[in-house]
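To keep things clear, I will list the structure first and then write my remarks on it.
The values are calculated or read from the model by the stated rules, or taken from the named source; none is laboratory data. Here the structure is a predicted model, which is why all the values come from computation and not from measurement. Here Cβ is always computed from backbone atoms with ideal geometry, including for glycine, and neighbour counts include all displayed protein chains. Calculation scope for accessible area: heavy atoms of the full protein, side chains included, ligands and nucleic acids excluded. Shrake-Rupley method; radii C 1.70, N 1.55, O 1.52, S 1.80 Å.
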Amino acid sequence: MNDIDNEGHQKSNNIITATELKSNLGTYLDYVIDNNEVVITKNGKKAVRLTPYLTDSDRYFLIKEKALDYQYGGKKVSYEEFREIYEKSDMRMEFINGEIVLLSSPSIIHQEISGNLYVGFKEYLKGKGCKVFYAPFDVHFRKEGFKDPDVMQPDLLVACDVAETTDEKGRYMGTPVLVVEILSPSTRSKDMVDKLNTYMISGVREFWIVDPDQEIIVVYGFKDLDIDLFRTYRKQETVRSYWFPDLEVSGTLIFP
């Protein structure tokens, strides 16, 4: 988020002085109207915050979400601290590389793709001893060489060790065979870098990245905690699983 200085140049943050506001009132109002916010200081102290106009109900939910984000988002904590915070919160959270990541609600197309894949996986897995689950579903990924696991909620996962790895509270504590992440603008880099690395070194066998914008699916196959194979499929093609030799899903059935 950038601001404008007295010469009309962008500033590196959204904090300005009262003098700057007086000199460029119209510019800052336009900036706030474009769904940004500005904090005004007076005598070196934060005094006023300018935000876009919201209805009372919208403002309530925005303030609640931002308060939680300021409190938790990007915060470095231990695995034990994360579990304590998570138990007391009603927000969806992940714990990646010692950092809390807040999850936003999925889009309509995200849900359609997830539903289509779930139906395809469920039909294939009948009688095979494995189960498919969809988010929100916590998985504790224990990475080779790391003390603390990452805790994530894959969009879809296939697990074949449910019976032997479910704890006394009914929580799944095993390692999925196949994991699917559906990209969104806010999760693209995290899903393609951080999560790829976590899945690879925690024993996951296969990772699908679904890109709704480009309508492609990238399939990674892992062996010995490294990438053994990856292939990109387009909507017009049939996606073939790396780990399950006879699992095939038509791209036209995945994308709505």
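Observations on the structure shown:
- Residue list for the range 21-62, filter: surrounded by fewer than 11 Cβ atoms within 10 Å (Cβ to Cβ), at pLDDT 85 or above and in a helix (DSSP H, G or I): K22, L25, G26
- Some residue of the range 90-107 being at pLDDT below 80 and basic (K, R): no
- Any strands (runs of 3 or more DSSP E) falling wholly within the range 133-209 and containing at least 1 residues that are over 17 Å from the mean Cα position of the chain (by Cα) and closer than 16 Å to Y220 by Cβ: 156-159, 178-182
- Those residues of the range 222-234 which are at pLDDT 95 or above and surrounded by 14 or more Cβ atoms within 10 Å (Cβ to Cβ), in sequence order: F222, Y233
- Residues that are surrounded by fewer than 16 Cβ atoms within 10 Å (Cβ to Cβ) and without any contact (Cβ under 8 Å) to a residue 24 or more places away in the chain, drawn from the range 148-165: A163, E164, T165
- Selection of the range 135-147 for residues being closer than 15 Å to E94 by Cα and open to solvent by 40 Å² or more (accessible area, probe 1.4 Å) yields P136, F137, D138, R142.
- Residue within the range 238-252 that is in contact (Cβ under 8 Å) with a residue 60 or more places away in the chain, on the phi > 0 side of the Ramachandran plot and not charged (D, E, K, R) present: no
- Hey, K122 open to solvent by 40 Å² or more (accessible area, probe 1.4 Å) and at pLDDT 90 or above or not: yes
- Hits in the range 240-256 (condition: surrounded by 18 or more Cβ atoms within 10 Å (Cβ to Cβ) and out of contact with any helix residue (DSSP H, G or I) (no Cβ under 6 Å at 6 or more places or on another chain)): S241, Y242, F244, F255
- Residue check for E123: of a type outside the set (A, V, I, L, M) and without any contact (Cβ under 8 Å) to a residue 12 or more places away in the chain: yes
- In the range 210-221, the residue that is surrounded by the fewest Cβ atoms within 10 Å (Cβ to Cβ) out of those that are in a loop (DSSP other than H, G, I, E, B) and touching a residue at least 12 places away in the same chain (Cβ under 8 Å) is D213.
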